[in-house]
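The values are calculated or read from the model by the stated rules, or taken from the named source; none is laboratory data. In this text the structure is predicted, and so the values were computed from the model without any measurement. Virtual Cβ from ideal backbone geometry, glycine too; neighbours counted across all protein chains shown.
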Amino acid sequence: MLNQADLITNLKNKDEAALSQLYDAYAPAIYGVIIRMCKDEQHAQNILQDTFLTIWEKSHQFNPEKGKFYTWAYRIAKNKTLNFLRADKKLIQTEDLSVYKDREEAVKTDTDFLQLKGCLNQLEPHHKKALELVYFNGLTHREAHEEMNVPLGTFKSYIKQALKKLKLSYNKTMVWLLILIEMVR
C-alpha cells in the first residue's frame, strides 16, 4: 500500500485505485460525521458518495501545506450535509410522528434518551459543552477547542474526563461507542 502523500498524488492524477484506497481509509470516519448530523442512513450514504465524488473532482484543490487530507475531506462532507439539511425544509408533514409502530421500542428509546440526557446534565458545564460540540454538533476537536476558547490539549482532556464520568453514570452501549471513537482519534 502506498503512503498517503503518494495516494494523494495519484488521486490528483485521477487514479481510481488511489480513490478506492482513500475511500477505504476515510469513509467510516466521514460517514460517522455525516450520520451524526443528518440522522438518516439512506441520506448519509448518498452524502458520503457525493462527498467522495467531489473529492475525486476537486482533488487538484487539496493542498497538504494547508492541512491534512482528512480535515479537507471532513469539511467537504460537513458542507454537503449542512447543504442537505438546509435544503430539506419540508412544509408538509409526511410522517405521523405521534404514533410509534412498536410502542415498547418507543418507550425504551425515550427512557434511554431521558437517562442519557439526565447523565449529561450532571456533568460539569465545560465537560457537557465539549461533548455536545463534538458528538452532537459534529465539530472536530480543533474546531471545538476554538469554539470553547481553550487549548487543544485541555479540550481533549475535557472529552476524556467527560466520557469517564458519563461511563460511570450511564452504562449503555452508546457511551462505549463514544469511547471507542475517542480512542481512534
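Here are a few things to note about the model shown:
- Of all residues in segment 121-146, those satisfying the criterion of being part of a helix (DSSP H, G or I), in contact with a helix residue (DSSP H, G or I) (Cβ under 7 Å, 6 or more places away or on another chain) and within 21 Å of residue 32 (Cα to Cα) are 128, 129, 130, 131, 133, 134, 135, 141, 142, 144, 145.
- Identity of the residue in segment 1-14, touching a residue at least 24 places away in the same chain (Cβ under 8 Å) and of a type in the set (A, V, I, L, M, F, W, C), that ends up surrounded by the most Cβ atoms within 10 Å (Cβ to Cβ): 11
Let's see how each residue does on (1) touching a helix residue (DSSP H, G or I) at 6+ places or on another chain (Cβ under 7 Å); (2) crowded, with 19+ Cβ neighbours inside 10 Å; (3) closer than 18 Å to residue 140 by Cα:
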{"site": "16", "(1), (2), (3)": "no, no, no"}
{"site": "48", "(1), (2), (3)": "yes, yes, yes"}
{"site": "55", "(1), (2), (3)": "yes, yes, no"}
{"site": "70", "(1), (2), (3)": "yes, no, yes"}
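- Criterion violated by residue 81 - all others in (1) modelled with pLDDT of 85 or more; (2) surrounded by fewer than 18 Cβ atoms within 10 Å (Cβ to Cβ); (3) of a type in the set (Val, Ile, Thr) satisfied: (2)
- Test for residue 19: is it in contact (Cβ under 8 Å) with a residue 12 or more places away in the chain and not in a helix (DSSP H, G or I): no
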